[in-house]
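The values are calculated or read from the model by the stated rules, or taken from the named source; none is laboratory data. What you see is a predicted model; the values in this text were computed from it and never measured. Heads up, the Cβs are rebuilt from the backbone with ideal geometry, glycines too, and the neighbour counts pull from every protein chain shown. Ligands, DNA and RNA are stripped out before the accessible areas are found, and what is left, the full protein with its side chains, is counted by its heavy atoms. Shrake-Rupley method; radii C 1.70, N 1.55, O 1.52, S 1.80 Å.
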Amino acid sequence: MRRGGKPRDGTRIPSPGLKRGVSCDSRQSSGVVSGGSWRFAVGARARQRVAAMAEAGKPRVVVVGGGIGGALLAKTMEPDADVVLLDPKDYLEITWAELRSTVEPSFAERSLIYHRDYLTTATIVTSSAVSITEHAVLTADGQSLAYDYLVVAIGHVFASAGSRTERLTEFQRDNEKIKSSESVLIIGGGPTGVELAAEIAVDYPEKKVTLVHRGSRLLDFIDQKASKKCLDWLTSKKVDVLFQQSVDLKSLSDTEKFYKTSAGETITADCHFVCIGKPLSSSWLHDTILKESLDTKGRIMVEKDLRVKGYNNIFAIGDITDIPEIKQGYLAQKHALLVAKNLKLLIKGAPPSKLATYSTGFPLAIVSLGRKEGLAQLPYLTLTGCIPGMLKSKDLFVGKTRKQMGLNA
């Protein structure tokens, strides 16, 4: 029998001192940990909110993770549920705009969005999840977020700043690093490394750019024809690409200008950027009720309706899922919209058999190559140049994403 067959019973106890549409960090929380037990003070305002939500009859949906999928899900569910968004950052980052913001920091003013700017009624909790029980999510700052439905959208580990202001400063600092350098080393030939090399080559053509990749070709998630076209574009911009080599990451420093590869080659560069894959942020789930729902790679196993295997009221979306597909932002958005549809069905009392299901399609990919050009792998067709550039490279879908979140482009 599946666990979580029914939403939790009893009165909802919100995090103390929280108001809908208002963020909360550890300084505002009155939750404390004492003797291994969780104790929470609920004031008059919180009791009023409990009464109001009980009267409204809206179930509590807790979303863990404020990335592109979790943010869209929280936004979409606001009219139908008492939504709580839990995220260690106070902002949403449109991650595919990261490389453009590195060469043009002002671009980040539109791609970094305060959670409070697109969420109007949801509760925003600025903290990290440390455990999940049958009825609540426990946070690093001592809060217990009770849920009727839970959505896990935690993705990969990112060392991004906790505040939007700090993140803007990071982009400014990276940009100054590029501007003050004559040569740049990029480690990693996936989409991040390729797009950063392209952005630098276009905006700073006088810089010497070297890309080191441990694989035998770039962008190994797309077909060989598209990969070759990407390599040809980079070499036409005088980017040096070294294959089947790596750089010892432990030896890297901000002062080192000589880098030795695994093949014994020495590269001279004034600065470097590490653009390799990041691990999943699921290690903490091994000590939660979801430990049996993880595969050997730490991904959450989901059913076709994106419910976590073994649970009726817990969903997972985005990179953290075991869905066999390329992990891309637009797919996380598709997951979010499907789960929002299914949550609304469940809230209305529909049986699980009526839930919508997710199916993978042909692996589509659009890689930005500077400001005007790009590479697109479409069904039965690979394009490079201005046409895919028009699709993505000019605005990187930032305007479209902002509109989707209810904001001006």
Yes/no for A226 being assigned to a helix (DSSP H, G or I) and within 18 Å of Y259 (Cβ to Cβ) | no
So, in the range 209-235, of the ones that are of a type in the set (D, E, K, R) and out of contact with any Lys or Arg (no Cβ under 8 Å at 6 or more places or on another chain), which residue ends up most open to solvent (accessible area, probe 1.4 Å)?
-> R214
Failed condition for T95, given (1) crowded, with 19+ Cβ neighbours inside 10 Å; (2) under 18 Å from the mean Cα position of the chain (by Cα) | (1)
Is it the case that some residue within the range 241-252 is more than 30 Å from G385 (Cα to Cα), among the small types (G, A, S) and open to solvent by 40 Å² or more (accessible area, probe 1.4 Å)?
-> yes
Output for the range 157-181, where each listed residue is part of a loop (DSSP other than H, G, I, E, B), of a type outside the set (S, T, N, Q) and touching an Asp or Glu at 6+ places or on another chain (Cβ under 8 Å) = A161, G162
Count of residues meeting criterion [open to solvent by 80 Å² or more (accessible area, probe 1.4 Å), more than 23 Å from L338 (Cα to Cα) and in contact with an Asp or Glu (Cβ under 7 Å, 6 or more places away or on another chain)] in the range 353-409 = 1
Just a yes or no: is a residue in the range 105-124 of a type in the set (D, E), modelled with pLDDT of 50 or more, in contact with a Lys or Arg (Cβ under 9 Å, 6 or more places away or on another chain) and surrounded by fewer than 19 Cβ atoms within 10 Å (Cβ to Cβ)?
-> no
Any hit, the range 136-145, residues being outside any strand (DSSP E or B) and surrounded by fewer than 19 Cβ atoms within 10 Å (Cβ to Cβ) | yes
Within the range 286-318, residues of a type in the set (A, V, I, L, M, F, W, C) and either at positive phi or part of a loop (DSSP other than H, G, I, E, B) (or both) come out as I289, L290, M301, L306, I317
Selection from the range 161-205 of residues crowded, with 17+ Cβ neighbours inside 10 Å, closer than 22 Å to I113 by Cα and polar (S, T, N, Q) yields N175, T192
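Listed here are the residues, each with its yes/no results for (1) within 21 Å of G385 (Cβ to Cβ); (2) more than 26 Å from the chain's Cα centre (by Cα).
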residue	(1), (2)
K177	no, no
S183	no, yes
A201	yes, yes
K208	no, yes
R214	no, no
S227	yes, no
K238	yes, yes
D254	no, yes
Index of the failed condition, Q172 passing every other in (1) touching a Pro at 6+ places or on another chain (Cβ under 6 Å); (2) without any contact (Cβ under 8 Å) to a residue 24 or more places away in the chain | (2)
